[in-house]
1. For the chain, set up a Gaussian network in which alpha carbons nearer than 10 Å are linked by springs, and say which option among 120, 39, 193 fluctuates the most.
2. Which of rounded, prolate or oblate describes region 149-227 when judged by the alpha-carbon gyration tensor and an a/c cut-off of 1.5?
3. Among 26, 197, what is the fewest-to-most ranking by other Cβ atoms within 10 Å?
4. Quote the relative contact order of the chain in percent (integer), defining contacts as alpha-carbon pairs under 8 Å separated by 6+ residues.
5. Report the gain in length on full extension from residue 76 to residue 214: 0.36 nm times residue separation, minus Cα-Cα distance, nm rounded to one decimal.
6. Evaluate the charge dipole of the chain about its Cα centre and quote only its size in Debye, nearest 20, assuming +1 on the Cβ of each Lys and Arg and -1 on the Cβ of each Asp and Glu.
7. Angle, helix 76-86 long axis vs. longest principal axis of the chain, Cα atoms, 0 to 90°, nearest 10?
8. In degrees, nearest 10, range 0 to 90: what is the angle between the Cα axis of helix 183-192 and the longest Cα principal axis of the chain?
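Nothing in this text is a laboratory measurement; each read-out follows from the coordinates by a stated rule. None of these values were measured; they are calculated from a predicted model. Glycine gets a Cβ as well: all are built from the backbone with ideal geometry, and neighbour counts include every protein chain shown.
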Amino acid sequence: MEIGAGTMRDYAALAGHHYRPGAPATVARRSDGSPAVLAARDGAGRLAGVLVVSMPTLNGAWRELAWPGRFRTADKRADAARLNRELRCISRVVVHPAFRSCGVAAALVASYLGRPLTGATEAVAEMGRSCGFFGRAGMSAYPLPPSRRDARLLDALGAVGLEPWELLIEGGPGAALGRHPWLAREARLWAEAHGATRRLAGLAPAELLAYACSRVAGPPFAYAHGD
């Protein structure tokens, strides 16, 4: 497997295999102006995986755990300037299904961390338990509390004695909706609460409920690396 500079065309080729719909909000640039994308290819030149680096969001509760006081002072303008100068975010790591379980994701992350754009790097994984490759590549994990919309859906499921994983079993969503039809409303409200999933609100109730449960089944994690 060879890892080198990639393009947004490489990302587009694999984007459909990522669990998050939509492209990253931003794509960081290298000093030569090219997008900060890494691509992994096998010996035959087949695209195995991609990594995309983005600019950081302005707010992140985990940053005080990773870098106490570094990006949060009384001067918000200075904090934002320092954040944009010193931190980049790994926003996407996508591996083609044919190459999964081969260490491609961890290799991509380790390759980037070997020559990062900035001294500090972070990543946020909504499916934290399924994204252990960040840790294997050398990043430190910081568990995050569920978002407001995730907490509401979890509370709704808990009220009827259901765990998210139970609705990932074939037939599970339909059976749950048959007993508790109002869960369809909760799934729709969950989808409408975020721009990245708003377009999914029109899915069939069972399909939407299964998708929402797949997203809240594992706790999200933030990962950090660097000085």
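1. 193
2. In terms of gyration-tensor shape, prolate.
3. Taking fewest neighbouring Cβ atoms as first place, the list is 26, 197.
4. Rounded, it is 21 percent for the chain.
5. Extra length from residue 76 to residue 214 when fully extended: 46.1 nm.
6. 540
7. Tilt of helix 76-86: around 70 degrees.
8. The answer is roughly 30 degrees.
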